[in-house]
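The next block holds one structure in the form of structure tokens; read it before the comments.
The values are calculated or read from the model by the stated rules, or taken from the named source; none is laboratory data. Quantities reported herein were computed from a predicted structural model and do not represent experimental measurements. All Cβ positions, glycine included, derive from the backbone under ideal geometry; neighbour counts span all protein chains shown. Accessible surface areas use protein heavy atoms only, side chains included; no ligands, DNA or RNA. Shrake-Rupley method; radii C 1.70, N 1.55, O 1.52, S 1.80 Å.
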Amino acid sequence: MELKDRIVVVTGAAGGIGRALARACAREGAAKVVCADINLEKAEETAALVRGRAILANVASESGVETLIGTVEKEVGPIDLFCSNAGISATGGPEASDEDWQRSWNINVMSHVWAARHLVPLMTERGGGYLMSTASAAGLLNQIGAAPYGVTKHAAVGLAEWLAISYGDQGIRVSVLCPQAVRTDMIRGSEEHVASIDGIMEPEDVAQICIDAIRDEVFLVLPHEQVRGYMRRKTDNYEKWIGGMRKLNRSFGTL
């Protein structure tokens, strides 16, 4: 998909990857970039950078996602690309609170489900559209010390696969972003964690990789190319891979 003259929505647009995505889409000539976030003030800062529109949106609830989509469709125009980028991180294992588990599930998984639920029928009726979700390399490899994050990001990848399989013939294109560490608020104070083992990328570089992937309609977006090799090792010898991850857990784990 070429983004020139397209209407784009980016959730989690207050900063980090979301803000960088908004700016990258604007540079590509998008007709309008809608910057959605629970932090309206920061979303407005992003919108000002791209001459876009800021919308207050809480993607932790279906009503928040539905209202966002309805507002854009009614007041801006038909959505061509929806970047479901908002996400949170919670540490711990099974002992993490139910609140942390549920909030992680709602934002990291269900926000993508709700976006598809309310957008796919509109897009298929128009002949197609594009969904891009931000997951994580943790969705392919897991996350040391953070079960709610690793588990929900796995689910996010699984959902993206399902959408690509089920709606590809109806013109729906899907990409899923799976980076390791990116210089955002999420990793502030944890720059030495295992996710940074292959370096910390700048959000602007990740956003440009996303733009290239959308243009070429690439499903799996891997800013850290090393992840592909880790995936191969995992599938080639699961037991050996788990052993290697246990070594990392001894060095970086908090359990």
**Prompt:** Given (1) surrounded by 14 or more Cβ atoms within 10 Å (Cβ to Cβ); (2) under 18 Å from the mean Cα position of the chain (by Cα), where does residue 231 come up short, assuming only one miss?
**Reply:** (2)
**Prompt:** What are the residues in the stretch 24-48 that are farther than 16 Å from residue 79 by Cα, open to solvent by less than 30 Å² (accessible area, probe 1.4 Å) and aliphatic (A, V, I, L, M), if any?
**Reply:** 24, 43, 47
**Message:** Against the conditions (1) open to solvent by 10 Å² or more (accessible area, probe 1.4 Å); (2) small (Gly, Ala, Ser); (3) more than 18 Å from residue 16 (Cα to Cα), where does residue 111 fall short? Just the number, please.
**Reply:** (1)
**Complete:** Within the stretch 197-218, the residues that are open to solvent by 50 Å² or more (accessible area, probe 1.4 Å), in contact with a strand residue (DSSP E or B) (Cβ under 7 Å, 6 or more places away or on another chain) and closer than 17 Å to residue 180 by Cα are 209
**Request:** Assess whether residue 22 counts as being in contact (Cβ under 8 Å) with a residue 24 or more places away in the chain and touching a helix residue (DSSP H, G or I) at 6+ places or on another chain (Cβ under 9 Å).
**Result:** yes
**Asked** In this structure, is residue 176 aliphatic (A, V, I, L, M), crowded, with 22+ Cβ neighbours inside 10 Å and within 27 Å of residue 249 (Cβ to Cβ)?
**Response** yes
**Message:** Taking the conditions exactly as written (over 28 Å from residue 2 (Cα atoms), in a loop (DSSP other than H, G, I, E, B), of a type in the set (Gly, Ala, Ser) and under 17 Å from the mean Cα position of the chain (by Cα)), does residue 136 satisfy them or not?
**Reply:** no
**Fill in**
Note on the stretch 55-66: residues surrounded by 17 or more Cβ atoms within 10 Å (Cβ to Cβ) and in contact with a Lys or Arg (Cβ under 9 Å, 6 or more places away or on another chain) are 60, 65
**Prompt:** Of the residues 171, 150, which is among the small types (Gly, Ala, Ser) and buried (at least 17 other Cβ atoms within 10 Å of the Cβ)?
**Reply:** 150
**Message:** Here is a list: 117, 126, 103. Which entry is of a type in the set (Lys, Arg), farther than 23 Å from residue 37 by Cα and surrounded by fewer than 20 Cβ atoms within 10 Å (Cβ to Cβ)?
**Reply:** 126
**Prompt:** With respect to residue 163, is the statement that it is in contact (Cβ under 8 Å) with a residue 60 or more places away in the chain, open to solvent by 10 Å² or more (accessible area, probe 1.4 Å) and of a type in the set (A, V, I, L, M) true?
**Reply:** no
**Asked** Quick one: would you say residue 150 is farther than 23 Å from residue 1 by Cβ and in contact with a helix residue (DSSP H, G or I) (Cβ under 8 Å, 6 or more places away or on another chain)?
**Response** yes
**Item:** Tally of residues being among the hydrophobic types (A, V, I, L, M, F, W, C), under 15 Å from residue 210 (Cα atoms) and either more than 17 Å from the chain's Cα centre (by Cα) or modelled with pLDDT under 95 (or both) across the stretch 25-39
**Value:** 2
**Asked** Any idea how many residues of the stretch 67-96 are in a loop (DSSP other than H, G, I, E, B), open to solvent by 50 Å² or more (accessible area, probe 1.4 Å) and either closer than 22 Å to residue 157 by Cβ or not charged (D, E, K, R) (or both)?
**Response** 4
